[in-house]
Amino acid sequence: MTISLHEASVGVFVPYLGNLSGLLDKASAHAETWNIDPAVLLNMRLSPTMYNLKQQVGEASRHAIVASALLAGRAPLTFSDAEPDIAELKTRISAAVEFVQALPRAEIDAAADKEVAFTFKNGNQRKFTGKSLLLTFSVPQFFFHATTAYDILRHAGVDLAKKDFLEAPR
């Protein structure tokens, strides 16, 4: 059995970005029900040295965008440096989904052995093959940040279950 890079990237990122957006819907409802300023939830973190919720969501989106763009040989979608609220995070997730879905499937699938360079926020670069970028770096990073966002919301008392993070099997 073979699996294409497109299936392993866009095919994974898109549904889980949708689930992440759904988590934000539940966060918004929780804030309204309990009369909590949504900014309190967005600024929560599990540890003082970890990213807060809005950064976790941003990083999950960024890893999906950058990995998919690198595989397709395109410039990644970027967002403003403005501090997002929940609605803006959902808009960014939607834009990320649209961006990765619009990338050419054939170019992503052909990138397994292509050399790509991931540029970190500090400007440092790390070279990968397309396959190693996806399987050993970008997908694990994506799930780390998406899971941490889920965990922050659970810790904040938002009524979530595993099914809110995972989608129904396809």
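Listed values, structure above:
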read-out	value
Leading residue by the ranking (surrounded by the fewest Cβ atoms within 10 Å (Cβ to Cβ)) among those in the stretch 24-57 that are of a type in the set (A, V, I, L, M) and within 23 Å of V139 (Cβ to Cβ)	M50
Yes/no for D113 being of a type in the set (D, E, K, R), on the phi < 0 side of the Ramachandran plot and not in a helix (DSSP H, G or I)	yes
Lone qualifier among T119, T148 - being of a type in the set (S, T, Y), under 17 Å from the mean Cα position of the chain (by Cα), surrounded by 12 or more Cβ atoms within 10 Å (Cβ to Cβ) and closer than 18 Å to L41 by Cα	T148
Complete set of residues in the stretch 116-144 that are outside any helix (DSSP H, G or I) and more than 13 Å from I65 (Cβ to Cβ)	V116, A117, F120, K121, N122, G123, N124, Q125, R126, K127, F128, T129
Lone qualifier among A87, A60 - being surrounded by 17 or more Cβ atoms within 10 Å (Cβ to Cβ) and either polar (S, T, N, Q) or not in a loop (DSSP other than H, G, I, E, B) (or both)	A60
Hits in the stretch 96-117 (condition: without any contact (Cβ under 8 Å) to a residue 60 or more places away in the chain and within 21 Å of G18 (Cα to Cα))	E98, F99, A102, P104
Count of the stretch 157-169 residues which are touching a residue at least 12 places away in the same chain (Cβ under 8 Å) and surrounded by fewer than 14 Cβ atoms within 10 Å (Cβ to Cβ)	4
Selection status of T136, surrounded by 15 or more Cβ atoms within 10 Å (Cβ to Cβ), polar (S, T, N, Q), within 18 Å of H6 (Cα to Cα) and without any contact (Cβ under 8 Å) to a residue 24 or more places away in the chain	no
Positions within the stretch 38-75 being in contact (Cβ under 8 Å) with a residue 24 or more places away in the chain and hydroxyl-bearing (S, T, Y), in sequence order	Y51, S61, S68
Pick from the stretch 1-48, criterion assigned to a loop (DSSP other than H, G, I, E, B) and touching a Leu at 6+ places or on another chain (Cβ under 6 Å), ranking: farthest from G157 (Cα to Cα)	S9
Exclusive hit being under 30 Å from T33 (Cβ atoms) and surrounded by fewer than 22 Cβ atoms within 10 Å (Cβ to Cβ), set R74, R154, R105	R154
Residues of the stretch 63-84 that turn out to be more than 17 Å from A146 (Cβ to Cβ), outside any loop (DSSP other than H, G, I, E, B) and in contact with a Pro (Cβ under 9 Å, 6 or more places away or on another chain), as a count	3
Enumeration of residues in the stretch 80-92 that are at pLDDT 95 or above and out of contact with any Gly (no Cβ under 8 Å at 6 or more places or on another chain)	D85, I86, A87, E88, K90, T91
Residues located in the stretch 8-18, provided they are touching a residue at least 40 places away in the same chain (Cβ under 8 Å) and out of contact with any Asp or Glu (no Cβ under 6 Å at 6 or more places or on another chain)	A8, S9, V10, V12, F13, V14, Y16, L17, G18
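The values are calculated or read from the model by the stated rules, or taken from the named source; none is laboratory data. If you're wondering where the values come from, they're calculated on a predicted model, not measured in any experiment. All Cβ positions, even for glycine, are placed from backbone atoms using ideal geometry, and neighbour counts span all protein chains on display.
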